[in-house]
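Presented below is the structure to which this report refers.
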Amino acid sequence: MELIAGGSWRYVFRAPLRSVLAARWYSQYPKLDDIAAEDIAAVRRFREKFTRDAIPHKNFTTTFHRSGGAGGQNVNKVSTKVYMRFTLAEQSWIPAYVQQRMRDIDSSRINSRGEYLVVSEKTRTQRQNIEDCLDKLWQHIDRASTLPRGPSAETTQRVEKLRKAEKARNMETKKRHSQRK
């Protein structure tokens, strides 16, 4: 609704939010041609040696808070919820391309100080929640370090077949339209 002259209101059509979200969704998937060759090489080297155990979690800031949910008195007495945070820009063991992808994909996990935040309150012990945070972090890094793949030969053939069929349909439509004139 928008106020117009004379004090009355009118409805103004806005572009649907879905198109905005779709544009953002597509922007998260770069093409392999758009990535620099040295970044591709760095990411491939990183993925070869990257394991969950290779995450240097001793450098992260870990804080514990009271967890919510079921658990009776244990929830009120023990701080088992884990907040694991680290400054993404300071992590030299993560390639720059992967860091940028993590910022793009998980922007809601990064706070105003540039810290990447992982939270877990899945279990009733601190140690298991720390392990769960490391698992989540490993999954996020693994997803961000996945390089885009091009279309398969089968997909390329199918697209080409559809393109030819569309061209033939358009030609047929043009012929019918010209005969009417």
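Numerical summary
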quantity	calculated
Accessible area of the stretch 89-165 belonging to carbon and sulfur atoms, whole % at 1.4 Å probe	50
Cα pair distances of the stretch 36-108 binned at 5 Å [whole percent]	3, 12, 17, 18, 15, 11, 9, 7, 4, 2, 1, 0
In Hz, Karplus ³J(HN,Hα) per residue of the stretch 96-101 (6.51, -1.76, 1.60; θ = phi - 60°; x = Gly, Pro)	4, 4, 5, 4, 5, 5
Restraint check, 136/161; 31/164; 77/136; 31/81, Cα-Cα greater than 32 Å	136/161; 31/81
Candidate residues 63, 51: accessible-area rank, largest first, probe 1.4 Å	51, 63
Per-selection Rg to Rh, the stretch 30-76 - Cα, Kirkwood hydrodynamic radius	1.32
Spatially proximal lysines relative to residue 167 (Cα-Cα < 21 Å; intrachain offsets below 8 disregarded)	175
Projected-area average for the stretch 69-181 over all orientations - Cα convex hull basis, square nanometres	14.5
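The values are calculated or read from the model by the stated rules, or taken from the named source; none is laboratory data. Everything quoted here is computed from the prediction, not taken from an experiment. Areas reflect the complete protein model, heavy atoms only, side chains present, ligands, DNA and RNA absent. Shrake-Rupley method; radii C 1.70, N 1.55, O 1.52, S 1.80 Å.
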